[in-house]
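The block underneath contains the structure these notes are about, expressed in structure tokens.
The values are calculated or read from the model by the stated rules, or taken from the named source; none is laboratory data. Keep in mind the model is a prediction, meaning the values are calculated, not measured. Here Cβ is always computed from backbone atoms with ideal geometry, including for glycine, and neighbour counts include all displayed protein chains.
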Amino acid sequence: MPGLRTIDEQDVIRLVREHQTEVWRYLRYLGATAELADDLTQETFLQLLRAPYEDRGPAARAAWLRTVARNLFVKSFRRPPFALAELDTIEAAWTGFARDDEGQESLVRLRSCLEQLDGRAREVVRLHYEERRSRREIAARMSLGEDGVKSLLRRTRAVLRACIERHAEGA
């Protein structure tokens, strides 16, 4: 039903079911903690109840929800963790990642590539991304300097990126 209208609770419930995962993942992609992503995802959907809304289809709806989520994320900081001009680049990268499946295919590729890592590369990814350890803590555990951890992470991300791109080309 095109045109501006007030959305009812049942529509919001449907939209939450359809888009909650993507909004939450997008906020995490921007750098929100899991807790902040939970809060901002909820606030994003509450925005639907506060103002007239025009539903222009699934792609426009997803873009509108990401815009609301992004604005809420930026407002959550006194000083954003990145330059606001970078948000367009981040948005473009997210769109390429998420595609039409909320990023499921990209996550499958990433998991497959992560399984191929071994040794120090697997350990640095586990410590940095799963355990959220600082470079200093990782350096101490792995008997490396902090710059060594930074280099290892950079090389490992490059290996993962190349692996994911190979999988994407084969799809």
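Restricting attention to segment 24-73, report how many residues are at pLDDT below 85 and among the charged types (D, E, K, R).
Residues meeting the conditions: 5.
From the list Arg136, Arg132, exactly one residue is surrounded by fewer than 17 Cβ atoms within 10 Å (Cβ to Cβ), assigned to a helix (DSSP H, G or I) and out of contact with any Leu (no Cβ under 6 Å at 6 or more places or on another chain). Which is it?
Arg136
Would you mind telling me which numbered condition in (1) small (Gly, Ala, Ser); (2) modelled with pLDDT of 85 or more; (3) more than 17 Å from the chain's Cα centre (by Cα) Gly3 fails?
Result: Gly3 fails condition (2) only.
Show the residue pairs that are 6+ apart or on different chains and have beta-carbon atoms under 6 Å apart, the first residue being within segment 15-39 and in contact (Cβ under 8 Å) with a residue 40 or more places away in the chain, the second being polar (S, T, N, Q) and assigned to a helix (DSSP H, G or I).
Pairs that qualify, where the first residue is in contact (Cβ under 8 Å) with a residue 40 or more places away in the chain and the partner is polar (S, T, N, Q) and assigned to a helix (DSSP H, G or I), are Val23/Thr41; Val23/Thr44.
Test of understanding: among Val125, Val149, which residue is farther than 22 Å from Arg28 by Cα and either in contact (Cβ under 8 Å) with a residue 24 or more places away in the chain or outside any helix (DSSP H, G or I) (or both)?
Val149
If you go through segment 9-41 one residue at a time, how many are surrounded by 14 or more Cβ atoms within 10 Å (Cβ to Cβ) and of a type in the set (S, T, N, Q)?
So the answer is 3.
Could you please let me know if Ser76 is among the polar types (S, T, N, Q), touching a helix residue (DSSP H, G or I) at 6+ places or on another chain (Cβ under 7 Å) and at pLDDT 75 or above?
Considered against the rule, which asks whether it is among the polar types (S, T, N, Q), touching a helix residue (DSSP H, G or I) at 6+ places or on another chain (Cβ under 7 Å) and at pLDDT 75 or above, Ser76 comes out as yes.
Only residues that are among the hydrophobic types (A, V, I, L, M, F, W, C) and touching a helix residue (DSSP H, G or I) at 6+ places or on another chain (Cβ under 9 Å): list them for segment 125-161, please.
Those that are among the hydrophobic types (A, V, I, L, M, F, W, C) and touching a helix residue (DSSP H, G or I) at 6+ places or on another chain (Cβ under 9 Å): Val125, Leu127, Ile138, Ala139, Met142, Leu144, Val149, Leu152, Leu153, Val159, Leu160.
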